[in-house]
Amino acid sequence: MGARIRHLALPRPHRRAQNGASAGHRHLQTSPGHRLIERNYLQGMEGVLTGVRVLDLSSVLAGPLTGTFLAECGADVTKVEAPGGDVTRSWKLPGEAPGPISSYYEAANHGKTVVSHNLKAPEGKAWLQDSLAHTDVLLHNMKWGDLESMGLLPDRLSDAFPQLVQVRLVGFEQRPERLAYDVVVQAESGFMSMNGTPDGPATKMPVAMMDILASHQMRAAVLGGLFHRERSGQGGYAEVSLWGSGLSALANQGTQWLMHGTVPQRMGSTHPNIAPYGDMLTCRDGDVVLAVGSDAQFKSLCHVLGCDVLADDPRFRTNVERVKHRESLVKALNAPTRLFSRADLLAAFVERRVPAGAVHSVQEALDSEMAQAYLTGSADRRKVKTSAIRWDQAGMRKA
């Protein structure tokens, strides 16, 4: 697992007062040297975590994504940055406009109040101690030595602030001296060895997937800690490892080695256990990827393509045989597809319940009608929400 949780005795969470303030809370106080960078509240996001106050001391991606998720669920999130700002403010593509906000930074930090403090200076330490007394959740990725020197060790915080649920991100849990950037963990957890084409090099995924996986572990730790506190009066200190988050996401690829001694190899987009799954059909105006997981779906696929004979071919009749003869299968399936437009082929697949999708560019995906519900922000600061959850207090929406 990517997270370790140790429960601490905590009181019940603060309740939202009638005037909109959180009972038992007051707004975070400032100290000399404090600077409010921006208030970037999301509109219309009052939700299941309304009244929960979060102090986000984390940097880069996994922790900040977690804070933004909590903000999207209604929490009041304050992000604290060192006077120089989060390093990702400067991670800009060539051609990005000058200024303190990069698209990378914006992806992980919308919906928060952002302030600047030197937490190692006396006034910054005093501000933090005062703020923690009125905080429900603390997020950070500080080194143990810094926690020690700043008086922020978990046991000390739990004694001083029993209402606090602490979630800390680490890199390599058992090797704290190592720097754990996303690509390093992608490499060492086995993901890069599986990613790419059979005749190509090990390849990094195009997003920081280890950070994203770790953020999901952190979200679970926060929500689990808050639920435990609500139910029994105890909360907890949770530690999420970037390395452990990657390892725990190996899923079936990991068990193939553990159970059968099979080392996963680079296969491009295809699946080691299923065919045609991840295999491409080339239409006259673009590609379609298949995700056929059953014999019945394969028969429907063949029917749409006008090659029903393939469904009765001994080489393709069962999934096991299709995996063995994948190369011949994909060649046969592609024979008629250039006659189709991508839209027409997908429409036929939808009608016959064949799982398939258009291979979109990022632009096509974000410009699609379905994507609009997942976007937020103004025209010049548009971004994708971190949460794909749709809360419906009136009841379940029929899908």
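Since every read-out is calculated from the coordinates, none of them should be taken as a lab result. Just so it is clear, the structure is predicted and the values come from calculations on it, not from any experiment. All Cβ positions, glycine included, derive from the backbone under ideal geometry; neighbour counts span all protein chains shown.
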remark   = Rounded to a whole number, the Stokes-Einstein D of the chain in µm²/s (Kirkwood radius over Cα pairs; 20 °C; 1.002 mPa s) is 89
Cα-projected label distance for D146 with D380, points at 7 Å along beta-carbon direction, nm = 3.2
key: Square roots of 5 times each gyration tensor eigenvalue, C-alpha, the range 68-153, largest first, Å   = 25, 17, 11
note = Going from the fewest other Cβ atoms within 10 Å to the most, one would list M210, M194, M259 as M259, M194, M210
task = For the range 179-195, just list the computed ³J(HN,Hα) in residue order, Karplus coefficients 6.51, -1.76 and 1.60, θ = phi - 60°, integers in Hz, with x standing in for Gly and Pro.
result = 7, 10, 7, 3, 5, 5, 6, 4, 5, 7, 8, x, 5, 5, 5, 8, 9
note = L366 and R315 label points (each 7 Å along its Cα→Cβ direction) are spaced in nm at 4.3
inquiry  = Longer than 25 Å from Cα to Cα, which of K79/K143; K120/K385; K79/K383 are they? Say none if no pair is.
reply    = K120/K385
query = Quick one: in the range 277-359, what % of C-alpha pairs are over 15 Å apart?
reply = 51
note = Here the gain from full extension of K324 to S341, 0.36 nm per residue of separation minus their alpha-carbon distance, amounts to 3.2 nm
remark   = Any residue on another chain or 5+ positions along whose placed amide H is under 5 Å from the amide H of V60 is listed here as V87, T88
ask   = Between the range 57-83 and the range 335-355, how many Å separate their Cα centres?
value = 43
ask   = Taking GluC sites (Glu not before Pro) as exposed when DSSP calls them loop (any state but H, G, I, E, B) and at most 12 other Cβ atoms lie within 10 Å, what is the longest stretch of the chain free of them, the sites themselves excluded?
value = 178-368
